[in-house]
Amino acid sequence: DFMKQGHGMLLLYSLKNPSFPEYSFSSESGVMCLDFHSDHPYLLAVGFYDGNVAIYNLKKATSQPSYKSSAKTGKHTEPVWQVKWQKDDMDNNSNFFSVSSDGRIVSWTLVKNELVHMDVIKLSAGGNTMQGPEGLQLQMLGRGTSFDFHKKIDYLFLVGTEDGKIYKCSKSYSSQFLDVFEAHHMAVDSISWNPFHLKVFISCSSDWTIKIWDHTIKTPMFVFDLCTAVGDVAWSPYSSTVFAAVTIDGQAHVFDLNVNKLEPLCTQLVVTRKKNKTTHIQFNPVYPIIIVGDERGLITCLKLSPNLRKKPKEKKGQEVKKGPEVEIAKLEKLLSLVRGPENKE
């Protein structure tokens, strides 16, 4: 409950023993987000409700984070909604980014024994200024809620905000963004690039919709209305056209655009209690498993049935091609059907 902030917990589970965590850490402030380092999986970046970020090292037998920001070292002034590791920098220092409602996107680098911060971008809500006391002009901040980095173009990233806009940003320009999408009528709850197709990203919002975009075009390619606020959306790691979402009525939805461009293949109730909402969804990178998190702090692990991950049928004597090129072509074919003639190139 955001009005009654208490302690936070960080728990790490193995699917082999879902009833008890392998690691548990307690923190003074609620934990909002976390991210494992892909090359050093024992490093875990965490963002807190009080605006701090920290790094836990699972190799160390301590309950305290190895590194933590502080008011002196650039902590956010509002909750941190997302943290993401980046590739190590030129000097082989580990670094990650964080986004917060305070409108700042900050890069944190592990240098020797401290976290060094740098503001990458400050979002201002379209030049909106508010008239303050005695005629002072107060800058309104675009309140960041989620972000994602492009898989190949290192400097490019997207930021979703509370007012529904999505900003396309570059790490090199701190005061300017490259583009802005008038994406949603309410807060953007989650945003992510397609793992296969380099132009495509997906966003979901409390305005009940999921939208799929080509980042070179200002209007969405696909819009899905799920009739209630969408808490999270995730692309599947095995197909360019499959994604899953959770809505706050406790349901998980799995779509495959290649099978059905209008409806989900499956909509399943994950939590039944009236007072509970599903808030997060994530695919396992290897196995056909998704995990769903809810407001009560429960994590539900679901296995996708074979019907939800259909592979193209083999025709006699023909081998079915596999691989990233096939996935890109599959999604490109669908996009070419919905792109306007002026955007066909």
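The values are calculated or read from the model by the stated rules, or taken from the named source; none is laboratory data. What you see is a predicted model, and the numbers here were worked out from it, not measured in a lab. Backbone-built Cβ (ideal geometry, glycine too); neighbour counts: all protein chains shown. These area figures cover heavy atoms from the full protein model, side chains too; ligands, DNA and RNA do not enter into them. Shrake-Rupley method; radii C 1.70, N 1.55, O 1.52, S 1.80 Å.
Just a few scattered comments:
- Listed by chain and number, the aspartates and glutamates placed with their C-alpha closer than 20 angstrom to that of residue 274 are 1, 232, 249, 294, 295; residues fewer than eight positions away on the same chain are left out.
- Probe 1.4 Å, protein heavy atoms only - accessible area per residue of the chain in square angstrom: 55
- Two-site label geometry, residue 333 and residue 63: point separation in nm, points 7 Å out along Cα→Cβ: 5.6
- In units of the compact-protein estimate 2.2 N^0.38 Å, segment 1-41 shows a Cα radius of gyration of 1.41.
- With every protein chain in place, the chain: carbon and sulfur % of accessible area (1.4 Å): 54
- Taking N as its residue count, the alpha carbon Rg of segment 235-281 over 2.2 N^0.38 Å: 1.22
- All Cα-Cα separations within segment 167-220 were binned at 10 Å from zero, giving a P(r) of 23, 50, 26, 1, each value a whole percent of the pairs.
- Reachable aspartates and glutamates, given that their alpha-carbon falls under 17 Å from the alpha-carbon of residue 59 and they are not under 8 places away in the same chain: 22, 35, 39
- Spread over its residues, the convex hull of the C-alpha atoms of segment 51-119 is 96 Å³ per residue.
- Computed on the Cα atoms alone, the convex hull of segment 194-308 gives a volume of 97 cubic angstrom per residue.
- For segment 145-255, the normalised intensity computed at q = 0.10, 0.12, 0.16 Å⁻¹ comes to -0.26, -0.37, -0.66 (log10 of I(q)/I(0), Debye sum over alpha carbons, equal scatterers, no solvent).
- Residue-averaged [θ]222 nm for the chain, counting only DSSP H segments that reach four residues, each worth -39500 (n - 2.57): -1500 deg cm²/dmol
- Using C-alpha pairs below 8 Å separated by at least 6 residues, the relative contact order for the chain is 7 percent.
- Rg/Rh, computed from the Cα trace of the chain with Rh as the Kirkwood radius, has the value 0.97.
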